[in-house]
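Single-structure report; data block below.
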Amino acid sequence: MARITAGVATSHVPAIGAAIDQGKTRDPYWAPLFDGYEFSKRWIAAAKPDVVFLVYNDHASAFSLDIVPTFAIGCADRFEPADEGWGPRPVPDVNGAPELASHIAQSVIESDFDLTIINNMKVDHGLTVPLSLMFGQPNAWPCKVIPFAVNVVLYPPPSGNRCYQLGKAIRRAVTSFDHDLNVQIWGTGGMSHQLQGPRAGLINKAFDQQYLDRLISNPADLATMPHLQYVREAGSEGIELVMWLIMRGALDERVVVRHRFYHVPASNTAVGHLILENPT
Ligand code: DHB
Ligand code: FE
């Protein structure tokens, strides 16, 4: 039986990817950020997931505004890094897990969550920067990855509760897959940031810290937070945080906090990072 053993939350700023790719991780601006992921790299080297179910958002790289799926599951066996304007990042292609992804699609759709099935797409910084933060710069990513894209770019995004319940359905799907696999689920994006308009540069440390507390201890209550509150308090791109509720919904009600890190700023963003383990 496949099991979800742990959840990871992390921000996904493109400048973090550029710092890694250009060898700047020890620069004074970046070192405190990357220090916060040293534990995580050791932890994941020991945890050795077979598959990461990676919840992220596409930033108009794979999906233009012509078609914007609310939830899209990557069922391909390979995903190349997208060109976001400076050429594709020099990172390995992502190997998918088509059998497990198709099983999850079937199970989750039969539980009344309508997913879009993607058999061909490129993946942008939303997916590759979290991989780089957790795994560093290997020649090949050490596990398979199922990309799961959530619309947080074009209004309306899915509600927090929809995301939280979807996480529970994903867990049921994974645990009904008849192969012995160690599966992690990652929720990416956030924390507070706003990239445009009069409030560009907005950071809200108090909101972010409370979000981390509530995500750990009372996610069902956090899931009732309306969109407007995310946007008002965490900025227009702070809505990316709803994706963390998918990750949290797939874990036990009580979790073990292995690591918690918060750093401001990385580019225009407050970076938050959690490693949560299922006790069972
Ligand atoms: C930044 C953050 C993001 O989440 C993103 O998608 C793009 C840019 C930033 O802080 O620069
Ligand atoms: Fe983003």
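The values are calculated or read from the model by the stated rules, or taken from the named source; none is laboratory data. Since this is a predicted model, take the numbers as computed values, not measurements. Heads up, the Cβs are rebuilt from the backbone with ideal geometry, glycines too, and the neighbour counts pull from every protein chain shown. The accessibility values were calculated without ligands, DNA or RNA, using every heavy atom of the protein model including side chains. Shrake-Rupley method; radii C 1.70, N 1.55, O 1.52, S 1.80 Å.
Below, the figures for the structure above:
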item: Residues of the stretch 231-251 classified as without any contact (Cβ under 8 Å) to a residue 60 or more places away in the chain and open to solvent by less than 30 Å² (accessible area, probe 1.4 Å), total; result: 4
item: Set R254, R260: member being closer than 19 Å to S11 by Cβ, over 14 Å from the mean Cα position of the chain (by Cα), away from ligand 2 (no atom under 16 Å from the Cβ) and outside any helix (DSSP H, G or I); result: R260
item: D112 being of a type in the set (D, E) and more than 26 Å from I44 (Cα to Cα); result: yes
item: Among residues of the stretch 208-230, those that are in a loop (DSSP other than H, G, I, E, B) and either of a type in the set (A, V, I, L, M) or within 16 Å of ligand 2 (Cβ to nearest atom) (or both), counted; result: 2
item: Filter result (in contact (Cβ under 8 Å) with a residue 12 or more places away in the chain, more than 20 Å from D208 (Cβ to Cβ) and open to solvent by 60 Å² or more (accessible area, probe 1.4 Å)) within the stretch 1-44; result: M1, R3, K41
item: Selection within the stretch 57-89 - touching a helix residue (DSSP H, G or I) at 6+ places or on another chain (Cβ under 6 Å), away from ligand 1 (no atom under 16 Å from the Cβ) and in a loop (DSSP other than H, G, I, E, B); result: C75, D77
item: Extreme residue, surrounded by the fewest Cβ atoms within 10 Å (Cβ to Cβ), among residues of the stretch 149-204 that are among the polar types (S, T, N, Q) and over 17 Å from H227 (Cβ atoms); result: Q196
item: Qualifying residue in the stretch 76-95 (condition: touching a residue at least 60 places away in the same chain (Cβ under 8 Å), in contact with a strand residue (DSSP E or B) (Cβ under 9 Å, 6 or more places away or on another chain) and among the polar types (S, T, N, Q)); result: no
item: Residue count for the stretch 264-280, restricted to those that are open to solvent by less than 30 Å² (accessible area, probe 1.4 Å) and either within 16 Å of ligand 2 (Cβ to nearest atom) or of a type in the set (S, T, N, Q) (or both); result: 7
item: Residue satisfying all of: in the stretch 120-143; in contact with a helix residue (DSSP H, G or I) (Cβ under 8 Å, 6 or more places away or on another chain) and more than 16 Å from ligand 1 (Cβ to nearest atom); most open to solvent (accessible area, probe 1.4 Å) among these; result: Q137
item: Residues satisfying the stated conditions in the stretch 169-207, i.e. closer than 26 Å to F135 by Cβ, away from ligand 2 (no atom under 16 Å from the Cβ) and not aromatic (F, W, Y); result: I170, R171, A173, V174, T175, H179, D180, L181, N182, V183, Q184, I185
item: Check on E233, among the acidic types (D, E), in a helix (DSSP H, G or I), out of contact with any strand residue (DSSP E or B) (no Cβ under 6 Å at 6 or more places or on another chain) and within 16 Å of ligand 1 (Cβ to nearest atom); result: no
item: Residue in the stretch 94-101 that is at pLDDT below 95 and under 22 Å from I16 (Cβ atoms) present; result: no
